[in-house]
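Enquirer: Can you keep this structure in mind? I'll have questions shortly.
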Amino acid sequence: MYKFRLDETHDGYYIYVNSISSSAGHYLSRRPYVYALIKELLSTHKLRGDRIIIEQNMGRDIGTTDIVSTTEKDTIYYAQPIKSEVFSRFAKNRYPQVSNMLTVVIDRDNEGNYEVSDAWIGGNHPSFPGDQFATADSKSYWKTHALVQDAQVIQPKSLTKICPY
């Protein structure tokens, strides 16, 4: 595992991201400027607990979010992103939207340090149904929201118009 340290200013722990194999690392490889946004966000928070989700309005446009609200007029399809067994919901012919929100998911590791396991521009949302972190709200949220087309590379053979959840 490659640990890229984001913050070492806290007493007793440091904060890092696994740049190689985590969801955050994958997202940040496509948007490296988000590292600075995460550092900015972390400078105002003291972490406590095993899993922390921070959603923060950064006070300015910081990029685009790949998640959009959907209606019956949208063309929807489902597919599994590469290296995922969970189906995601996609909206065809929709485009990313400007956002001032940043969401960061942080998990405490066995040594008491914190790993940024996921991060994205946009508001917090429940995981997709079937994911290990899915909640009771997952199905209802993802019935009215979707990722924009091409937001993630998908497994072509998994593509379907039938909702798998």
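Enquirer: Which condition breaks for residue 115 when tested against (1) among the acidic types (Asp, Glu); (2) modelled with pLDDT under 95; (3) surrounded by 19 or more Cβ atoms within 10 Å (Cβ to Cβ)?
Expert: Against the list (1) among the acidic types (Asp, Glu); (2) modelled with pLDDT under 95; (3) surrounded by 19 or more Cβ atoms within 10 Å (Cβ to Cβ), residue 115 comes up short only on (2).
Enquirer: Being of a type in the set (A, V, I, L, M), touching a Phe, Trp or Tyr at 6+ places or on another chain (Cβ under 8 Å) and either over 20 Å from residue 24 (Cα atoms) or in a loop (DSSP other than H, G, I, E, B) (or both) is the filter here, so list the residues in the stretch 119-164 that pass it.
Expert: 134, 151, 159, 162
Enquirer: If the requirement is being within 28 Å of residue 11 (Cα to Cα) and in contact (Cβ under 8 Å) with a residue 12 or more places away in the chain, which of these qualifies: 62, 76, 54? Lay out the reasoning, then the answer.
Expert: Working: 62 fails: within 28 Å of residue 11 (Cα to Cα); 76 fails: within 28 Å of residue 11 (Cα to Cα).
Exactly one of 62, 76, 54 is within 28 Å of residue 11 (Cα to Cα) and in contact (Cβ under 8 Å) with a residue 12 or more places away in the chain, namely 54.
Enquirer: If you take just the strands (runs of 3 or more DSSP E) that sit entirely in the stretch 1-65, which of them hold at least 3 residues that are surrounded by 12 or more Cβ atoms within 10 Å (Cβ to Cβ) and at pLDDT 90 or above?
Expert: Numbers: elements: 3-7, 15-18, 51-57, 63-65.
It comes to 15-18, 51-57, 63-65.
Enquirer: Does residue 30 satisfy being touching a helix residue (DSSP H, G or I) at 6+ places or on another chain (Cβ under 8 Å), among the basic types (Lys, Arg) and under 17 Å from residue 152 (Cβ atoms)?
Expert: Numbers: touching a helix residue (DSSP H, G or I) at 6+ places or on another chain (Cβ under 8 Å): no; among the basic types (Lys, Arg): yes; under 17 Å from residue 152 (Cβ atoms): yes.
It is false that residue 30 is touching a helix residue (DSSP H, G or I) at 6+ places or on another chain (Cβ under 8 Å), among the basic types (Lys, Arg) and under 17 Å from residue 152 (Cβ atoms).
Enquirer: Now for a separate question. Would you confirm, using the coordinates I've provided, whether residue 134 is surrounded by 15 or more Cβ atoms within 10 Å (Cβ to Cβ), farther than 26 Å from residue 14 by Cα and among the small types (Gly, Ala, Ser)? Reasoning before the result, please.
Expert: Values: surrounded by 15 or more Cβ atoms within 10 Å (Cβ to Cβ): yes; farther than 26 Å from residue 14 by Cα: yes; among the small types (Gly, Ala, Ser): yes.
Criteria met by residue 134.
Enquirer: Taking the stretch 79-118 as the search range and keeping residues that are among the small types (Gly, Ala, Ser) and part of a strand (DSSP E or B), which one is nearest to residue 16 (Cα to Cα)?
Expert: For the stretch 79-118, the residue satisfying everything is 117.
Enquirer: How many residues, within the stretch 85-94, are touching a strand residue (DSSP E or B) at 6+ places or on another chain (Cβ under 9 Å) and either over 10 Å from residue 145 (Cα atoms) or at pLDDT below 95 (or both)? Reasoning before the result, please.
Expert: In the first step, residues of the stretch 85-94 are kept if they are touching a strand residue (DSSP E or B) at 6+ places or on another chain (Cβ under 9 Å); the result is 87-94.
Filter once more, so that each one left must be either over 10 Å from residue 145 (Cα atoms) or at pLDDT below 95 (or both): 87-88, 92-94.
Count: 5.
The values are calculated or read from the model by the stated rules, or taken from the named source; none is laboratory data. Note that the structure is a prediction, hence the values are computed from the model and not measured. As a convention, Cβ positions derive from the backbone with ideal geometry for all residues, glycine included, and neighbour counts pool all protein chains shown.
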